[in-house]
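The values are calculated or read from the model by the stated rules, or taken from the named source; none is laboratory data. Everything numeric in this text was worked out from a predicted model, so none of it was measured. Here Cβ is always computed from backbone atoms with ideal geometry, including for glycine, and neighbour counts include all displayed protein chains. In case anyone asks, the SASA skips ligands and DNA or RNA and just uses the protein heavy atoms, side chains included. Shrake-Rupley method; radii C 1.70, N 1.55, O 1.52, S 1.80 Å.
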Amino acid sequence: MSRTALRIVCMVLLAAFVAGAVFAQPLAPEPRHRDITRKIAAIMASYNFQNRALDDALSRDVFTRFLDTLDAGKLYLLREDVDRFAVHREQLDDYLRHGQLAAVYQFFEVYRRRFNQRMEHAIALVDGGFDFSVDEEWRYQRDDADWAAGSAQLDEIWRKRIKNDFLELRLDGVADAEARDMLAQRYRSRMRSYAQLKTDEVYQWFINSYTTSVDPHTSYLPPRSSEDFNIDMSLSLQGIGAVLQADNEYTKVRELVQGGPAAAGGELRPGDRITGVAQGQQAVVNVVGWRLDDVVRLIRGPKGSLVRLEILPAKNALRGPKKIIAIVRDTIKLTRRAAGKKILHTGGEGEAGARKIGVVTLPIFYHDFRGQHSGGEDYNSASRDVARLLGELKAEGVDGVVLDLRGNSGGALTEAVALTGLFIDRGPVVQVKEANGLVKVERDRDPGVAWDGPLAVLVDRYSASASEIFASAIQDHRRGLVVGEPTYGKGTVQNLLPLGGRDSGQLKITFAQFFRVNGGSTQFRGVIPDLRLPTDDGGDYGERTLDNALPWSTINPVLQPPAAREDFARAVEQTVQLHRARLHSDAGLLLVRAENEQIRRNREQTTISLREAERRREREERETAERERREQYFGTMDGDSGGAGDDSGSAGDGSGGGGDDSDAASGDPGDFAAILLRETATALADFAELYRGPLIPGFSAAQ
C-alpha cells in the first residue's frame, strides 16, 4: 500500500471514529424491557391508588407526556415528525400491555437526529455574528408554543436563541472570540452527551411518561436509580445538599437540604439556574444544555473538596448578571440534620411585652429503626431529640416555641405521630386510607406533653408529607398557630416493589393517602396557614401544579373540634391583624415584599430583549433598585428591625447539628429566612399576650 493510500485510510478511520463519538448507533429495546413493561402494566392495573385504566385515553396522555419529556420547549422536532409519531397516539396502551417498544425507540432516533441537526446549526450560527442593535425579542418560555412547520421556521427560532446566548456572555464581559469558542464547545458537548445515551435511559423516559400520567409520584427506577433510592435521598444529594431539576436548557435548584453545605452557605437559593461548574480553582465548565444527571455528576465529589457554581440568580430570571458561589462538599448525614434550637427575643429589653421565644429547627422526620431494633438506647429519633430540646428551652424560661419545618420534606410517619404527641395529651393524629378503602387511624396514646405553652409551626411550600401531617394535626386540635405559606400538598404514600432480578429495577408506586383528623386531606391543597407570611405567591409549586395529581377529598372525621373557644379564634385573628400592620412598617418585611414583587414581574415576562443597550439598561436598573432596597433596610435597622431581635443565633440551622445556637453570632439580618423567622417569633409573642386560656383543652374522639 502506498503512503498516500495509507494516509487516506487513516483519515477515513479517524473520521469514522470522530463521527462515532458524536453520532452513536441507534438504540433499541432489550428483551428484558419487554418483561419489565408487562410487569409494570400489571402492577399498575392492580395496585395503584389512582386505579386508572390502561386505555386509549391514557395512551393519549402518555403520548403527550413523552413528547414533553423529549422536547418541552418545542425546539427540535418539527410538526411533520410529531404527526408521523401521532399514528401511535392511541396504540401506546397496547404497546405497554404487551411490552412492544420498537415504535417508541424509532421515534426517539428521529428526535436525536433532529437534535444533532440543531446543534450543528447552532455552531454555524455562532460563527456568523450578530447585530445587537436590532430591536427584537427572544421568547424563552415556549411551553405553549406550536411545533415548527418547517426547518426555516425553526432556524429563525434558533437564530434568536443563539443570539441571546451570545449576548448573555457579552453582558458578562466575555470577548466575542471567546464567546464563540465557549458556545461552540457547549453545543458539541451536548451532542456528545446525547451520543452517550443508553437504552435504559430512553426506556426510563418512556415508562415514566406512562407511570406519571397515572400518578405523579409513581415511577420506574432502573437498577442504578434503585440503588440510590434505597438510601434516603435527602441524605445523599450529590455533595452540596441541593435538589436539582431540568428547566428547558438549564439546571435549576428546586430546593436546598436543610443542614447541607449549600443551605448553610446561604448564597444558593431555590430557583437559581446553574450555568457552570468548576472543580476547586479550575476553569468553569459551562453546563447550559447539559443533561441533568451529567451536571449532577460534575457537582458531586468527595467530602471536603471545593466546587464553584456559576449561577443566574432566580430573582433576575435570565437577565443576569451571573455570580460565582463556592461550596465545600460534605457528606450530608442524618446527624448533621438533627433537630437544633436557638432563642430569639421580641421587643426591646425591659420593654412591656418583650418575650423570649425558643426556636426548634427540624429538617426531616428521622428515625434510626436499625439502631432501635438492635436494642440501643441512643438511637436517633426526631421526636426524642425535640423532646430533649423542649426540656432545655423550658429550663431556660422561654415564653413560646416556634417549630421551624421550612424545607422539611417529610420522613417517618411514626415520628410525625410521636412529635404531635409532645404537644397534645393523647388523641388522633392522621388517617391513612389504602387503595382498598381501608382506613387506619394513627394516634398519640401517651399521656402528658413536653411543652404546654404557646406554639407556632412555621412552614413553607417545601414542607411536605410528614410535615403536613404534624402541622394539620396541630391546627385541627387548635393547639397552636400555623405560620408561613401553603405547604406542598403531598398527601400520598409510596412503596417500592422489586420487578425481578438485579437488572430489572423497582417500581415506586402510590398505595395510600393521608387524611387529616378533621376528615380533610393534605393532598393537593396542602395546609393553609393561620397567618400567611409575605412570600412569593406565584402558586407555581407543589402538588397543585400537576395536572394528574390526586384531587383534594374528604373522609369521615375522627376528631370533633374542641369547644368553640371563641377567645382562641379571636386571639388568632388579632394576631393576624397585628402582622398585617407590620407589613407596612417593618423594614425587613418591606424588603421581602419588594423582592417578591420583582420575582413576580420576572415570572410574568415570557420574552427578553435582544438589543444590547436595552439589556444593559435593564440590568443596571435592577441592580440599582436592589441596592437601594437593601441600603434602605440596613439604614433603618435598629438592632431588631422592629421585630424579634436575632441577637442569639442566625436564622439558618447554625452548624446544622443538634446543638444549642443561643450563643452564636447573629446571621445576616437581611436574609429573608431570618426576617420571616423573626416575624413568626413576634407573631407568637403577640398571640401569647392576647390569649391566656388553656392550650390543651379536652376533646372527644369519635369511636
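Structure above, values below:
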read-out	value
Accessible surface, the chain, averaged per residue in Å² (probe 1.4 Å)	43
Fraction of accessible area attributable to carbon and sulfur, region 527-633 (%, probe 1.4 Å)	49
Accessible carbon and sulfur surface of region 112-207 relative to its total accessible area, %, 1.4 Å	42
Within the chain, helix-based [θ] at 222 nm, where runs of 4 or more DSSP H residues each add -39,500 (n - 2.57), nearest 500	-13500 deg cm²/dmol
Highest average packing first - 427-435, 475-483, 574-582, Cβ atoms within 10 Å	475-483, 427-435, 574-582
Lysines with Cα under 20 Å of Lys303, excluding same-chain neighbours fewer than 8 positions away	Lys333
Listed pairs Lys39/Lys433; Lys160/Lys315; Lys342/Lys490; Lys323/Lys508 exceeding 31 Å between Cα atoms	Lys323/Lys508
Per principal axis, descending, Cα span of region 79-138 in whole Å	56, 21, 15
Anisotropy class of region 566-640 from Cα gyration tensor, a/c 1.5 cut	oblate
3J(HN,Hα) from dihedral phi, region 596-609, Karplus parametrisation 6.51/-1.76/1.60, rounded to Hz, x for glycine, proline	5, 5, 5, 4, 4, 5, 5, 5, 6, 8, 10, 10, 9, 5
Cα gyration tensor shape for region 87-194, rounded if a/c is under 1.5, else prolate or oblate	prolate
Semi-axes of the equivalent ellipsoid for region 503-545, Cα gyration tensor, largest first, Å	29, 18, 7
Mean projected area (nm²) of the alpha-carbon convex hull when region 463-555 is viewed from all directions	7.5
Tensor-based shape of region 371-457 (alpha-carbon gyration tensor, a/c under 1.5 rounded, otherwise prolate or oblate)	prolate
Residues of type lysines that Lys322 reaches as a straight line, Cα spacing below 16 Å, ignoring anything fewer than 8 places off in the same chain	Lys252
With Cα atoms, 0 to 90° folded angle of helix 382-395 axis to the chain main axis	40
Selected from Leu154, Val328, Gly260, residue furthest toward positive end of dipole (the chain; charges at beta carbon)	Leu154
Residues whose placed amide H lies under 5 Å from that of Ser521, excluding near-sequence neighbours	Arg516, Ser553
Residues with amide H under 5 Å from that of Thr275, placed H, sequence gap 5 or more	Glu310, Ile311, Leu312
Euclidean distance between Cα centres, region 569-640 to region 238-269, Å	23
In degrees, nearest ten, helix 176-195 long axis to first principal axis of the chain (Cα)	90
Distant-in-sequence amide H partners of Arg443 (H built 1.01 Å from N, under 5 Å)	Val429
C-alpha long axis of helix 3-22 to longest principal axis of the chain, angle in °	30
Cα point-scatterer Debye curve for the chain, base-10 log of I(q)/I(0) at q = 0.05, 0.06 Å⁻¹	-0.28, -0.40
From phi via Karplus (6.51, -1.76, 1.60), per-residue ³J(HN,Hα) for region 251-266 in Hz, x at Gly/Pro	9, 10, 7, 7, 7, 10, 7, 4, x, x, x, 5, 5, 5, x, x
